[in-house]
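> Please see the structure below; I have some questions.
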């Protein structure tokens, strides 16, 4: 197992260095920093020294994250009021820094709580921090989920088969669905939205909603699939969010590992449901907004959802009496509208675009109908992929069993076809954005 772990660490660092070799130094520092912090936290458990080391880890990790991700944002806001005597920090952002920073913070907290034992093998800990499957786009992997598999994992043909299928499906979601939607986003939101009608503005932001979901969930599927091939079983990160019947339900299904992180390490320590619940909800959502980016639009995005979550909590008993179809429609409208806040960093552009959504007097452009009718089968496929079929056909029911049996025979052929289709599209494509590079 030692040889396998060393090999995986080496290739993980090569993978990371392929995009930005300089920031290997930062990842190595994070690995050594929290490796020794974890050992000291465990050594001095139940003493003041242990708590000091925990805060040393948290503050050190957040200081690094703020320096690289939020340095320019902080400088801009201070300099706006008080001219600073030094130059603005550069906006160089190491890929995946938010993901592996949160992972190492959660590790030290769990060691402090006694939920896991400190990892004494440095190579094993470096593997936890650097494993390439989920390094650049998540999901956020908690140490206690993979602790045993780091040193005792076993690979079998079933895991390899299911991992390949999951990877191919994730690649399909990214290349075929997300990139197709992304091309429409670029056309309607980037290329001068000032001439858009309200219909076209809603179409563009709906396409962005599709793009961001299939892009991010596609990367998560690929990471989960690769993990399975190597003997790791990561937690799910998405569970049919566009089938949600409330905004709270949506975010129980969307980026689930991030939601679990804020629940366990921020919301519950603040008091959770026991005290100051509404304040705790708002704090979590403001932090969630900041996590997504160093810009005021992300703070506004977090405040927007914090307010919605509070309103839903206060009106919970009335919402439960509302028909599910109505709740589903209102959820989709609120979510799609929020993508405008997420998309436009500049508040001036955001204001103008919201005006287009609700009060545009522009006529529909000549190419709009062609774009809609030319993508009818694409839209149908999106709808089919958003339907929670596994929730409709529960395990144990005959339709589910029959579907599972059919899938077991067709999965290899389907995976090959998806891989070929994605390869053809990638070779021919000039548009292949990576939305989550900023994280």
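Only the coordinates and a few stated rules stand behind these numbers; no lab work does. Quick caveat, the model's predicted, so the values are computed rather than measured. In this analysis, Cβ positions are derived from the backbone assuming ideal geometry, glycine residues included, and neighbour counts consider all displayed protein chains.
> Comparing 275, 12, 415, which has the greatest mean-square fluctuation in the GNM of the chain with Cα pairs linked when under 10 Å apart?
Ranking 275, 12, 415 by mean-square fluctuation puts 275 first.
> Here is a further query. Within segment 288-323, list the residues whose amide N lies under 20 Å from a label point set 7 Å along Cα→Cβ of residue 66.
In segment 288-323, the label zone of residue 66 (backbone N under 20 Å from the point 7 Å along Cα→Cβ) covers 288-300, 302-303.
> If the label point is 7 Å along Cα→Cβ of residue 76, which residues in segment 273-301 have backbone nitrogen under 15 Å from it?
290-301
> Efficiency by 1/(1 + (r/R0)^6): what FRET value for residue 324 and residue 161, r their Cβ-Cβ distance, R0 = 41 Å, to the nearest 0.05?
Between residue 324 and residue 161 the formula returns 0.65.
> At 222 nm, what helix-only mean residue ellipticity would the chain give, in deg cm²/dmol to the nearest 500, using -39500 (n - 2.57) for each DSSP H run of four or more?
-22000 deg cm²/dmol
> Right, another one. Which whole-number percentage describes the relative contact order of the chain, with Cα contacts under 8 Å and a sequence gap of 6 or more?
Relative contact order comes out at 19 percent.
> What number, in nm² with one decimal, is the all-direction average of the projected area of the convex hull of the alpha-carbon atoms of segment 2-153?
Its Cα hull, projected and averaged over all orientations, spans 10.2 nm².
> Something else: Starting from the 7 Å offset along Cα-to-Cβ, what nm value, one decimal, do you get for the label separation of residue 145 and residue 120?
2.7
> What ranking do 71-81, 119-129, 347-357 get when scored by the average of other Cβ atoms within 10 Å per residue, highest first?
Those peptides, ordered most packed to least, come out 119-129, 347-357, 71-81.
> In nm, what is the difference between 0.36 nm times the number of residues separating residue 383 and residue 370 and their Cα-Cα distance?
Additional length available on full extension: 2.7 nm.
> Semi-axes of segment 153-212's equivalent ellipsoid from the Cα gyration tensor, sqrt of 5 times each eigenvalue, largest first, rounded to whole Å?
That gives 38, 8, 7 Å for the three semi-axes.
> Using Cβ counts within 10 Å as a stand-in for footprinting exposure, how do 413, 185, 299, 6 rank, fewest first?
Ascending Cβ contact count within 10 Å gives the list 413, 6, 299, 185.
> Viscosity 1.306 mPa s, temperature 10 °C: what is the translational diffusion coefficient of segment 224-380 from Stokes-Einstein with a Kirkwood Rh over Cα pairs, rounded to a whole number of µm²/s?
Using the Kirkwood radius from Cα pairs, D works out to 88 µm²/s.
> Give me the extension gain from residue 249 to residue 263: residue separation times 0.36 nm, minus the current Cα-Cα distance, reported in nm with one decimal.
Stretched fully, the residue 249-residue 263 segment lengthens by 3.6 nm.
> May I pose another question? With a cut-off of 8 Å between alpha carbons and a minimum separation of six or more residues, what is the relative contact order of segment 2-153 in percent?
Taking the mean separation of contacting Cα pairs over the length of segment 2-153, I get 34 percent.
> How compact and how long is the chain, expressed as Rg and Dmax of its alpha-carbon atoms in Å?
For the chain, the Cα radius of gyration and maximum Cα-Cα distance read 22.9, 71 Å.
> Right, next: Assuming 0.36 nm per residue, please report the length gained on full extension of the stretch residue 273 to residue 426 beyond their Cα-Cα distance.
50.3 nm
> Hey, rough spin-label estimate for residue 2 and residue 410, points 7 angstrom out along Cα→Cβ, what's it come to in nanometres?
Placing both labels 7 Å along Cα→Cβ, they lie 4.9 nm apart.
> Using per-residue counts of other Cβ atoms within 10 Å, averaged over each peptide, order 374-381, 53-60, 131-138 from highest down.
Most protected by this proxy first, the peptides run 131-138, 53-60, 374-381.
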